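One structure is given here, and the rest of the page talks about it.
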Amino acid sequence: VQDKIKQLLTDIQSGNYKALARGITIVENEIEGYDQLLKGLPPTSSSRVVGLTGPPGAGKSTLVNALLRHWTSQNRRIAVIAVDPSSPFNYGALLGDRIRMSEFYNNENVFIRSLASRGALGGLTTKILEITDLIKAASFDYILVETVGVGQSEVEIAGLADCTVVALVPEAGDEVQTLKAGIMEIADVFVVNKADRDQAEALYRNLKTLVHEKAGGSGEILVVKTVATNDEGIPEMVRAIDGFFSTDHNVMSKKLNLLTEKSWQIIQAKKMRGLEKSRLRSEISAALSNGSFNLYTFVERFI
Ligand SMILES: Nc1nc2c(ncn2[C@@H]2O[C@H](COP(=O)(O)OP(=O)(O)O)[C@@H](O)[C@H]2O)c(=O)[nH]1
Ligand SMILES: [Mg+2]
């Protein structure tokens, strides 16, 4: 296994997509060699990891396509990880993304991987993290991670990406005042997509005011308008993303937070490994039956 994994890593680093796909499968399913593969990853990578999150239907997949068009026309190499945790048993959603992305499936500068949330061992966030790190070894210019923002997940996703882009749509206009707690903290760039719709301008202005009020010494979150279906605003979106990366301050100050968050996720996932609720349930059941159950003594055994 040792030599095989070493060879696989070399192939991944040389840009072999087949090897990369194989590596991802090993990581995803925790097949033999999984640990060795991750521990063999090089310490640095020049890939820019961009997380794209937002509510279902905001146009994230359409934005990914538009970004791919933009970047491939400049000969950039891009990897896409598409995750849809909101529909764990809905293969249709995944297939939909696949069909809409098919334009790039045979592009030699594009690598696309859909990740189903079902059955991911050790937690979905940890899996995305590991897979992103593996892809980083393949030296893409950008790695786009598309995830559906549902509740807490945006905040977790922000712990994966160097730059987090939050996509919103005009329908969200009324909610701007009550933007989910945490969103302002995680967003590096806001994209108001579907700018072809009436209320887009209002949402855009509200957001601009909001980020302005929020801005501390570290500068404002950028807000851009897009019509993803027509590639409108995509150059501006790219400029906002690249602008974020070109500011050393942003990247450096985020790096420690990112690595802290990632370590925390991995440690948590590893500590919880093999601890199924069904197992807890049967052990509790056994303990209860002899009448001396104490919750706090019980949990001690697992900590
Ligand atoms: N009018 C309009 N429709 C859009 C725009 N961007 C995406 N859509 C449509 O919105 C729907 C949801 O887009 P999708 O990319 O699947 O959203 P996701 O769930 O965030 O990935 C699709 O029917 C898109 O064609 C846009 O800028 N304007
Ligand atoms: Mg999508």
Pull up all non-local amide H partners of N109: gap of 5 or more, or a different chain, and H-to-H distance under 5 Å with H placed in the peptide plane. none
Compute the orientation-averaged projected area for the stretch 181-303 from the convex hull of its Cα atoms and round it to one decimal in nm². 12.7 nm²
Under 5 Å, built H, 5+ apart or other chain: amide partners of I221: none
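Test of understanding: what is the full-extension gain from K39 to M252, defined as 0.36 nm times their sequence separation minus their Cα-Cα distance? Don't skip to the end; give the middle numbers.
Details: separation 213, 0.36 × 213 = 76.68 nm, distance 2.35 nm.
74.3 nm is the gain from fully extending K39 to M252.
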So D198 and E103, fully extended at 0.36 nm per residue minus their Cα-Cα distance, gain in nm 31.2 nm
Going residue by residue through the stretch 127-139, the Karplus relation 6.51 cos²θ - 1.76 cosθ + 1.60 with θ = phi - 60° gives ³J(HN,Hα) values, rounded to whole Hz and with x marking Gly or Pro, of 4, 4, 4, 5, 5, 4, 4, 5, 4, 4, 5, 8, 6
Between D231 and N290, what is 0.36 nm times their sequence separation minus the Cα-Cα distance? Round to one decimal in nm. 14.5 nm
Per-residue counts of other Cβ atoms within 10 Å, averaged by peptide: what ranking do you get for 233-242, 45-54, 185-194, highest first? 185-194, 45-54, 233-242
Given backbone amide H placed at 1.01 Å from N, residues whose amide H is under 5 Å from that of S114, ignoring those fewer than 5 places away on the same chain, are A82
Greater than 26 Å separation of Cα atoms is the criterion. Which listed pairs, K255/K277; K60/K208; K60/K254, meet it? K255/K277
Using only Cα atoms, what Kirkwood radius does the stretch 183-226 have, in angstroms? 10.8 Å
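Coordinate-derived values only; no laboratory data. Bear in mind the structure is a predicted one, so any value in this text is a computation, not a measurement. Positions of Cβ are backbone-derived with ideal geometry, glycine not excepted, and every protein chain shown enters the neighbour counts.
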